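Reviewing the structure listed below.
The values are calculated or read from the model by the stated rules, or taken from the named source; none is laboratory data. For clarity, every value in this text was computed on a predicted model and none was experimentally measured. Using ideal geometry, Cβ is built from the backbone for each residue, glycine included, and neighbour counts are taken over all protein chains shown.
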Amino acid sequence: MLPLERKQKIEELIIERKTIKISQLSEEMGVSEMTIHRDIKPLIAEGMITKTFGGITLAAEQGKKSEETDTCDFCAGELTERLIYRIFLKGNKTMTACCAHCGVLKHRELKSDVTQAICRDFLLQTTISANQAWYVIDSSLPVGCCKPQVLTFEAEEYANRFVTGFGGKVYRFEDTLDIIYERMQQS
Ligand SMILES: [Zn+2]
Ligand SMILES: [Zn+2]
């Protein structure tokens with residue numbers, strides 16, 4: 001596996017498992033712990049993960065950092081943990097949005113500086129990569145955040161079932177960026 005592939009694999013694993021031991025990564029990837037330490041350096045620099053004793057943890061799981069405010073970096077509305085969309089930027093900066101609506105708008109605005117973005121599965125509350133998520137726009141369930149409402153799901157199947165019950169439409173990440181942006185221009 002090339003270093004870049006390993007970095008991507010580690011990203012996937014940490015999003016999935018939230019916390020992993022260095023020894024475990026070394027074993028699973030078949031490389032030395034020293035190599036793993038080298039691989040995770042950029043991820044720490046990007047602010048995506050933090051080092052713990054003998055391992056790494058997904059930064060978003062550690063709760064709010066002291067310098068972070070508890071308002072949305074796009075609309076300044078209040079943050080609700082279950083709807084949060086977090087963006088990691090070059091230079092070890094993070095942005096937090098109240099929901100995927102503000103998240104994708106902020107993401108679109110800062111796109112060239114974004115290194116990674118995560119959000120939560122609306123039903124399961126697992127942390128998922130924003131690029132891989134399925135987006136439900138305009139469902140009728142009143143979750144009390146921004147309009148047009150955007151909810152995120154890990155699996156297409158569950159997004160589709162949610163739409164069956166609560167309406168709206170399922171989109172992929174790239175389309176969601178443009179759709180919400182255009183809708184906000186019109187309003
Ligand atoms: Zn917001
Ligand atoms: Zn919102």
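Within the option set Gly144, Gly77, Gly54, being at pLDDT below 95 and away from ligand 2 (no atom under 13 Å from the Cβ) holds for one residue only, Gly54.
Name the single residue that is farthest from Glu33 (Cα to Cα) among those in the range 57-74 being away from ligand 2 (no atom under 16 Å from the Cβ) and at pLDDT 85 or above. Across the range 57-74, the extreme among qualifying residues is Leu58. Check whether at least one residue in the range 114-123 is more than 27 Å from Pro42 (Cα to Cα) and either touching a Leu at 6+ places or on another chain (Cβ under 7 Å) or not basic (Lys, Arg) (or both), and report yes or no. Yes. Scanning the range 21-50 for residues that are surrounded by fewer than 18 Cβ atoms within 10 Å (Cβ to Cβ) and on the phi > 0 side of the Ramachandran plot yields a count of 1.
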